[in-house]
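Colleague: Below you'll find the structure I mean.
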Amino acid sequence: MGTIARNLGVDLDKIKDTYVSQALRMTYYPSCPVAHDKVLGISPHSDISVLTLVWELNLVDGLQIRRQDAWVPIKPHPKALVVNVGDFLEILTNGKYQSIEHRVTVNPHKERMSISAFHLPKIDTSVGPLPDIVREEEKKYKTLRVDQAAKVVFSSKLDGKKTKEYAMFST
Ligand SMILES: O=C(O)CCC(=O)C(=O)O
Ligand SMILES: [Fe+2]
């Protein structure tokens, strides 16, 4: 986050409350010998977090990110974590950092395991574009209460960039 703050020309102290809580999700994807090309392990979505760190535990591929209209596979690396930009970082930066839509496919022969660590603002706070990088009239996103945004996202089907749709001012 220090590097991101420097890139934006923002004081790190002003954003440090936005990634203070952590939620972990461990996901087990069984192998799928039949119809593996017709089902997904996780449907396309972006994470609601500020940043997500993903550890692809047993180095089986399956994670893909959306680049324009194509799905690009992310090869697991034994010494690296995947860092995903989440929706709250997109909102904080008024779109300068864009959250990444991703999905996970299943493997016909191998099971897959991952742990995602979502770095989130405190549940009882609000997040909006940072005043240091945007003036009122340039804001593309509303300020959201974290608890309300979480409720919307977790009660809807995973399908694209839900928090962003909820946060964007309609044009
Ligand atoms: O299993 C993975 O590699 C990613 C999981 C994921 O996208 C998530 O937990 O939000
Ligand atoms: Fe995700």
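The values are calculated or read from the model by the stated rules, or taken from the named source; none is laboratory data. Just so it is clear, the structure is predicted and the values come from calculations on it, not from any experiment. Here Cβ is always computed from backbone atoms with ideal geometry, including for glycine, and neighbour counts include all displayed protein chains. Note: accessible area is taken over every heavy atom of the protein model, side chains too, but ligands, DNA and RNA are not part of it. Shrake-Rupley method; radii C 1.70, N 1.55, O 1.52, S 1.80 Å.
Colleague: Can you tell which of Val72, Val106, Val83 is at pLDDT 95 or above, within 14 Å of ligand 1 (Cβ to nearest atom), touching a Phe, Trp or Tyr at 6+ places or on another chain (Cβ under 8 Å) and of a type in the set (A, V, I, L, M, F, W, C)?
Modeller: Val106
Colleague: Which condition from (1) surrounded by 15 or more Cβ atoms within 10 Å (Cβ to Cβ); (2) over 18 Å from Met26 (Cβ atoms); (3) touching an Asp or Glu at 6+ places or on another chain (Cβ under 6 Å) is the one that Thr93 breaks?
Modeller: Tallying (1) surrounded by 15 or more Cβ atoms within 10 Å (Cβ to Cβ); (2) over 18 Å from Met26 (Cβ atoms); (3) touching an Asp or Glu at 6+ places or on another chain (Cβ under 6 Å), Thr93 fails exactly one: (3).
Colleague: Let me ask another. Please enumerate the residues belonging to the stretch 90-137 that are touching a His at 6+ places or on another chain (Cβ under 8 Å) and of a type outside the set (Val, Ile, Thr).
Modeller: Of everything in the stretch 90-137, those that are touching a His at 6+ places or on another chain (Cβ under 8 Å) and of a type outside the set (Val, Ile, Thr) turn out to be Glu101, His102, Arg103, Asn107, Pro108.
Colleague: So, one more: Run Asp47 past the list (1) part of a loop (DSSP other than H, G, I, E, B); (2) away from ligand 2 (no atom under 12 Å from the Cβ) and report the number of the one that doesn't hold.
Modeller: (2)
Colleague: While we're here: May I ask you to list the residues in the stretch 108-135 that are more than 19 Å from the chain's Cα centre (by Cα), surrounded by fewer than 18 Cβ atoms within 10 Å (Cβ to Cβ) and β-branched (Val, Ile, Thr)?
Modeller: Scanning the stretch 108-135 gives a single hit, Ile133.
Colleague: Across the stretch 3-17, what is the number of residues that are part of a helix (DSSP H, G or I) and within 16 Å of Lys122 (Cβ to Cβ)?
Modeller: Residues meeting the conditions: 4.
Colleague: Among the candidates Val60, Val54, Val72, which residue alone is away from ligand 2 (no atom under 12 Å from the Cβ), of a type outside the set (Asp, Glu) and part of a strand (DSSP E or B)?
Modeller: Criteria check complete, one pass: Val72.
Colleague: Continuing with the same structure: Every residue in the stretch 75-90 that is open to solvent by less than 30 Å² (accessible area, probe 1.4 Å), within 20 Å of Tyr19 (Cβ to Cβ) and not in a strand (DSSP E or B), please.
Modeller: Selection gives Gly86, Asp87, Phe88, Leu89, Glu90.
Colleague: Continuing with the same structure: Just one of Trp71, Trp55 is aromatic (Phe, Trp, Tyr), in contact (Cβ under 8 Å) with a residue 24 or more places away in the chain and under 27 Å from Val127 (Cβ atoms); which is it?
Modeller: Residue meeting the stated conditions: Trp55.
Colleague: Please go through the stretch 17-38 and pick out each residue that is of a type in the set (A, V, I, L, M) and farther than 29 Å from Phe88 by Cα.
Modeller: Matches in the stretch 17-38: Val34, Ala35.
Colleague: Can you tell me which residue among Glu111, Glu165, Glu101, Glu138 is away from ligand 2 (no atom under 14 Å from the Cβ), closer than 29 Å to Trp71 by Cβ, of a type in the set (D, E, K, R) and touching a Pro at 6+ places or on another chain (Cβ under 9 Å)?
Modeller: Glu111
Colleague: Identify, from the list Ile100, Ile42, Ile133, Ile91, the residue that is more than 16 Å from ligand 1 (Cβ to nearest atom), of a type in the set (A, V, I, L, M, F, W, C) and within 25 Å of Ser156 (Cβ to Cβ).
Modeller: Among Ile100, Ile42, Ile133, Ile91, only Ile91 is more than 16 Å from ligand 1 (Cβ to nearest atom), of a type in the set (A, V, I, L, M, F, W, C) and within 25 Å of Ser156 (Cβ to Cβ).
Colleague: Of all residues in the stretch 43-69, count the ones that are in contact with a Phe, Trp or Tyr (Cβ under 7 Å, 6 or more places away or on another chain), among the small types (Gly, Ala, Ser) and within 27 Å of Val20 (Cα to Cα).
Modeller: 1
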